[in-house]
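Below: the structure, in structure tokens.
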Amino acid sequence: FPDFDLQAVRADFPVLAREKYGRPLVYFDNAASTQKPQCVIDRIARFYSYGYSNIHRGLHFLSEEATADYEAARSTVADFLGAASPDEIVFTRNATESINLVASTFLADHVPTGSSIVLTVMEHHANIVPWQLAAEKLGLKVRPVKITPSGEVDREDFRKALDENAGMVVFCHVSNSLGTINPAKEMASEAKAKGLPVLIDGAQAAPHIPVNVQDLDCDFYAFSGHKVFGPTGIGVLYGKAERLASLPPYQGGGDMIERVSFEGTTFAPPPARFEAGTPHIAGAIGLAEAIRYCKKLGYAAMEAQEQALLAKATAGLREISGVRIVGEAPNKVGVASFVVDGVHPHDLATFLDRDGVAVRAGHHCTMPLLEFLGLTATTRASFAFYNDLQEVDVFLESLQKTIDLLR
Ligand code: PMP
């Protein structure tokens, strides 16, 4: 059981006290985005109220303070990911932009024309479409790797894909639709053994499991602030120093240059080279606060609570006739995707909502995965450490009632 006082933790998240339709909110849509603790909300308010200024420019104290806060946030993120230096941390808008940045700047000079970008069928669209766009421009291919019936990467197919045609390997650390935790270190090491660069989409890993990019030995790692209890509009790209140094700029503008003249412009070293224009200063500061909050609770305690929620939900779902869980990897985060014979996921989600239970229904931005599984949609309940076990009861009761009604 969690090594924290769950009621006290829940009180940190004001939204959890809300009611709708006369029912307490049961927020089980954490894979889409997580709620924010009061300390994050307060930190952002404090910054805008008393410490706000643009960064890297002014010679006045407010600008110096804001710059120090922004750069301290970079150090907090570097420490969170186990990066070798804060200079390996680029602030972006979200995981999507982090992946697009690499797809737009890395491939042309590092991946031979005609080669393939190896990814898995369980990728989020954010880790498919940027590669497809770049592949079209650069004459590359995209090679999807199959998954097993339990929802794990088919390691044999993965090894097969790492052939002489492979140019780069990208995959999610954790699947948003299945919850599967991929053996990212082993997969990265197999790719590295073939000399292939690796990008890991950590959007669903960072909120649930400790991440260490040096241990993973990946070239790039991406995640979003809003999924780790931080604000929207801020994301992170980790890149190994020598990789980032080898990349051309992504966007041009202020703050990413060394010197601009009409004869030619020179660019700032990373990470500034990739942060054109005024960044989301408050977002970075809020994200750092969210990371501090998670560290204070401790990932071990967070994971213990999520696993208890997942175990209870899984056992309950297995007892309801006609329910099939989608994604039964032994190593999973708190994501329970399922389908119900004869009931459409959207109808389920709508009825659950009437009981105050917020879940997601649809393809979860993983259309190729659902196509591979022969499905068009699932219902997904996804948990965070602030959910409690009674909420799982409410969810299961509402689900049973809805199924009885609709079938
Ligand atoms: N990858 C995965 C695995 C995700 O779950 C998500 C968000 N659902 C993303 C990438 C994209 O995140 P964002 O929309 O914050 O860029």
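Taking each residue of the range 173-199 that is of a type in the set (Asp, Glu) and looking for partners that are open to solvent by 50 Å² or more (accessible area, probe 1.4 Å) with beta-carbon atoms closer than 7 Å, six or more apart or interchain, yields Glu190/Arg159. Filtered by the rule that a residue be in a helix (DSSP H, G or I) and open to solvent by 60 Å² or more (accessible area, probe 1.4 Å), the range 43-57 gives Arg46, Tyr48, Ser49, Tyr50.
Here's the yes/no breakdown for (1) modelled with pLDDT of 95 or more; (2) within 16 Å of the ligand (Cβ to nearest atom); (3) surrounded by 14 or more Cβ atoms within 10 Å (Cβ to Cβ):
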| residue | (1), (2), (3) |
| --- | --- |
| Phe4 | no, no, yes |
| Lys20 | no, no, yes |
| Ala32 | yes, yes, yes |
| Ile41 | yes, no, yes |
| Ser75 | yes, no, yes |
| Ala84 | yes, no, no |
| Asp87 | yes, no, yes |
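Cβ-Cβ distances below 6 Å connect the following pairs, each with a first residue in the range 269-282 that is over 10 Å from Gly254 (Cα atoms) and of a type in the set (Gly, Ala, Ser), a second residue that is at pLDDT 95 or above and open to solvent by 30 Å² or more (accessible area, probe 1.4 Å), and a separation of six or more residues or different chains: Ala282/Ile44. Report yes if Arg360 is among the basic types (Lys, Arg), within 21 Å of Arg23 (Cβ to Cβ) and surrounded by 18 or more Cβ atoms within 10 Å (Cβ to Cβ), otherwise no. Against the criterion (among the basic types (Lys, Arg), within 21 Å of Arg23 (Cβ to Cβ) and surrounded by 18 or more Cβ atoms within 10 Å (Cβ to Cβ)), Arg360 qualifies. Within the option set Ala276, Ala205, Ala188, being away from the ligand (no atom under 16 Å from the Cβ), among the small types (Gly, Ala, Ser) and under 29 Å from Glu289 (Cβ atoms) holds for one residue only, Ala276. Those strands (runs of 3 or more DSSP E) of the range 218-267 in which 2 or more residues are open to solvent by less than 50 Å² (accessible area, probe 1.4 Å) and either more than 16 Å from the ligand (Cβ to nearest atom) or in contact with a Ser or Thr (Cβ under 6 Å, 6 or more places away or on another chain) (or both) occupy 235-239.
With respect to (1) at pLDDT below 95; (2) more than 25 Å from Ala66 (Cα to Cα); (3) touching a helix residue (DSSP H, G or I) at 6+ places or on another chain (Cβ under 6 Å), the lone exception for Ile200 is condition (1). For the range 324-347, the count of residues that are closer than 30 Å to Val145 by Cβ, open to solvent by less than 20 Å² (accessible area, probe 1.4 Å), at pLDDT 95 or above and assigned to a helix (DSSP H, G or I) is nonzero. The lone criterion from (1) within 30 Å of Ala103 (Cα to Cα); (2) surrounded by fewer than 18 Cβ atoms within 10 Å (Cβ to Cβ) left unmet by Pro279 is number (2). In the range 9-18, how many are in a helix (DSSP H, G or I) and open to solvent by 50 Å² or more (accessible area, probe 1.4 Å)? Going through the range 9-18 one residue at a time, the tally reaches 3.
Condition check ((1) without any contact (Cβ under 8 Å) to a residue 12 or more places away in the chain; (2) over 30 Å from Asp353 (Cβ atoms)) across all residues:
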residue	(1), (2)
Thr34	no, no
Arg43	no, yes
Gly51	no, yes
His60	yes, yes
Ser63	yes, yes
Val90	no, yes
Phe106	no, yes
Thr113	no, yes
Ile117	no, yes
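As a summary of the residue check, Ala203 satisfies the conditions (1) open to solvent by 10 Å² or more (accessible area, probe 1.4 Å); (2) more than 20 Å from Thr34 (Cβ to Cβ) except for the one numbered (2). Within the set Asp154, Asp163, the sole residue that is in contact with a Ser or Thr (Cβ under 8 Å, 6 or more places away or on another chain), more than 16 Å from the ligand (Cβ to nearest atom) and either without any contact (Cβ under 8 Å) to a residue 60 or more places away in the chain or open to solvent by 20 Å² or more (accessible area, probe 1.4 Å) (or both) turns out to be Asp154.
Going through the range 103-148 one residue at a time, which ones are among the small types (Gly, Ala, Ser), open to solvent by 20 Å² or more (accessible area, probe 1.4 Å) and in a loop (DSSP other than H, G, I, E, B)? Hits for the range 103-148 are Gly114, Gly139.
The values are calculated or read from the model by the stated rules, or taken from the named source; none is laboratory data. Predicted model only: the values in this text are computed from it and were never measured. So basically every Cβ, Gly included, is an ideal-geometry build from the backbone, and we count neighbours across all protein chains shown. Just the protein is used for accessible areas: all its heavy atoms, side chains included, with ligands, DNA and RNA removed. Shrake-Rupley method; radii C 1.70, N 1.55, O 1.52, S 1.80 Å.
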